[in-house]
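Structure record follows, encoded as structure tokens.
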Amino acid sequence: MQDDRLPIWLPRLTAQGGPRFLQIADALQAAVADGSLTPGDRLPPQRQLAAQLDVDLTTVTRAYDEARRRHLLEGRGARGTYVAAPKIELTAILDLSMNTPPPPDGVDFDDMLKQGLSQVLMRADAHLLMTYHLGGGSDSDRKAGAKWLAPMFGYLDSGQVVVCPGAQAAIAALILVLTEPGDVILAEPASYPGLRTAATQFGRRIIAVEADKHGMVPEMLSQACRQHKPGLVYLNPTLQNPTAITIPERRRKELASIAKRCNVRIVEDDPYWLLADAPPPPIATFAPEQVYYISTLSKCLTPGLRVAFVLIRDPHERERFLVALRSFALMVAPLTAALATQWIFDGSADGLMEGVRKEARLRHRMARDILAGRYSGVGDGLHVWLELPGYWNPSQLARAAASSGIAVTPAEAFATGATSSESVNAIRISLGSIKNRGRLQAGLQRLSHLLARRPESFSAAVV
């Protein structure tokens, strides 16, 4: 028999108490606060509570949704709805150091994840999602990769696309394929730290090629190719990490021409192209046989997918790449690859990416307003390359920021050689890693105040 008595934590609803769903949510919050409800307590089913309160089911559903938004409740499927354990802040640090996509406003990521996985499990054999697969991705995964790359290249033969467990794995495999121990890799003076990590592990040498406000200088690349006979050139041409420079189309064509003339391969690592406002065509469009193109989902959607697509036109080179990849990363996790494929085909990926793009631009406006004359970003992407006043140096500022509860990344972390960052007085600020905008604002304000003070005054204040 159904129990018609109201839960002890829930008072009678009143006409003067505002929207009924909020009265229920507020009563839940008060009960959790005073201990009437404790983590793990099971709440009445929604239909039962609606009948007890003599309200429609939608009112109770909205109340439970609002309580979940406040992190008061958690659903456990068929077992029902329970009071959630309190969220514990494990660290007070304001992290401006990690380049991750910001959580988009208005996108219910939890629901998107549940719906996507539900669709995957309905359409796929669960056993196949939990077993070994051949490297390079399934036919569906490669078709999803071709669709993902279509804004950059138009129609692609999905057979030319390889699915990898992240861009870092792709870069490492390409280093193994294109170079030998002791070979030279050319890169810009400040570049993605993962390149240096992989090159060092494999015994390759990175040599910096001069860059200006438009990226790698073509004349200097030509000279470096003649002098060092490199195995490959690494470029991150759109919203470059860390400088946020986008190489213009004319220079991309010049760099591609040099690569063809010198018969050197380019690894075009392009994670931010889809976040940029009207980016130029990839370098790979100007030298299709010279360039290996990498696009990861980590910067546009979420790092948790660990999926990247690599465009390799030549079938023999694709097989060599897969052999190298298997030496340390057998395959993409089939479940996450299937989820990525589902999202790409059903439009969820586009919706999430558009939300990330809008949120990132909003955060850039916030950084521009707070950092005033110091901001030099372009309003797109996930980070800002912030030049420091002369009285600070990057490592000194990073230490002072850490003492103030802020994590930033100094220029030294991106140096491709021992001396390539000596004249660079800057830090990278990542705008997506702090979930809450209010906390991001607080971190940027704290950083702005720190930049306005000289190191000696900061030292005196913290002693």
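The values are calculated or read from the model by the stated rules, or taken from the named source; none is laboratory data. Note that the structure is a prediction, hence the values are computed from the model and not measured. All Cβ positions, glycine included, derive from the backbone under ideal geometry; neighbour counts span all protein chains shown. Note: areas computed on protein heavy atoms with side chains; ligands, DNA, RNA excluded. Shrake-Rupley method; radii C 1.70, N 1.55, O 1.52, S 1.80 Å.
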Item to complete: Round to the nearest 10 and report in Å² the accessible area of I93, as given by a 1.4 Å probe over the protein chains' heavy atoms.
Response: 60
Worksheet item: How do T200, T61 rank by accessible surface area computed with a 1.4 Å probe, from largest to smallest?
Response: T200, T61
Worksheet, complete the sentence: Taking Rh as the Kirkwood radius computed over alpha-carbon pairs of the stretch 190-295 and applying Stokes-Einstein at 25 °C with viscosity 0.890 mPa s, one gets a diffusion coefficient in µm² s⁻¹ of 177
Worksheet item: Which whole-number percentage describes the relative contact order of the chain, with Cα contacts under 8 Å and a sequence gap of 6 or more?
Response: 19
Worksheet item: Restricting to the chain, what percent of DSSP beta bridges are antiparallel, rounded to 5?
Response: 60
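Could you work out the relative contact order of the stretch 212-251, using alpha carbon pairs under 8 angstrom and six or more residues apart, expressed as a whole percent? Please report the intermediate quantities before stating the final value.
Details: 22 pairs, mean separation 20.6, N = 40.
About 52 percent, as a whole number.
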Worksheet, complete the sentence: Checked the stretch 24-88 against the a/c 1.5 cut and the a/b vs b/c comparison, axes a ≥ b ≥ c from its Cα gyration tensor; verdict prolate
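Tally up the carbon and sulfur contribution to the accessible surface of the stretch 44-153 as a whole percent, 1.4 Å probe, everything protein left in place.
53
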Discussion item. Which three extents, in angstrom, do the Cα atoms of the stretch 16-142 have along their principal axes, listed largest first?
Written reply: 62, 40, 26
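For the stretch 305-360, what is the convex hull volume of the alpha-carbon atoms per residue, in Å³?
Taking only Cα atoms, the stretch 305-360 has a hull volume of 112 Å³ per residue.
Calculate what fraction, in whole %, of the accessible area of the stretch 306-463 sits on carbon and sulfur atoms when a 1.4 Å probe is rolled over the protein chains. Spell out each step's value before the answer.
Working: 3500 of 6810 Å².
Roughly 51 percent, rounded to a whole number.
Excluding ligands, DNA and RNA, what is the solvent-accessible area per residue of the chain at a probe of 1.4 Å, expressed in Å²?
Working: 21730 Å² over 463 residues.
Heavy-atom accessible area per residue stands at 47 Å².
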Worksheet item: Restricting the count to DSSP beta bridges whose residues both fall in the stretch 164-266, what percent are antiparallel, rounded to a multiple of 5?
Response: 20
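Calculate how large, on average over all directions, the projected area of the Cα convex hull of the stretch 72-180 is; give the answer in nm² to one decimal.
Values: hull surface 49.6 nm².
The directionally averaged projection comes out at 12.4 nm².
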Item to complete: Return the inverse of the average 1/r over all pairs of distinct C-alpha atoms in the chain, which is the Kirkwood hydrodynamic radius, in Å to one decimal.
Response: 24.8
Discussion item. Distances longer than 15 Å among the Cα atoms of the stretch 234-338: what percent of all pairs is that?
Written reply: 67
Practice prompt. Could you work out how far the C-alpha centroid of the stretch 20-52 sits from that of the stretch 117-171, in angstrom?
Written response: 43
Fill in: Probe 1.4 Å - accessible area at C262, Å² to nearest ten
50
Response to the item:
Going residue by residue through the stretch 125-141, the Karplus relation 6.51 cos²θ - 1.76 cosθ + 1.60 with θ = phi - 60° gives ³J(HN,Hα) values, rounded to whole Hz and with x marking Gly or Pro, of 6, 4, 4, 5, 7, 10, 10, 6, 10, 5, x, x, x, 6, 4, 5, 5
Worksheet item: Unpartnered cysteines of the chain (Cβ-Cβ under 4.7 Å counts as a partner)?
Response: C164, C300
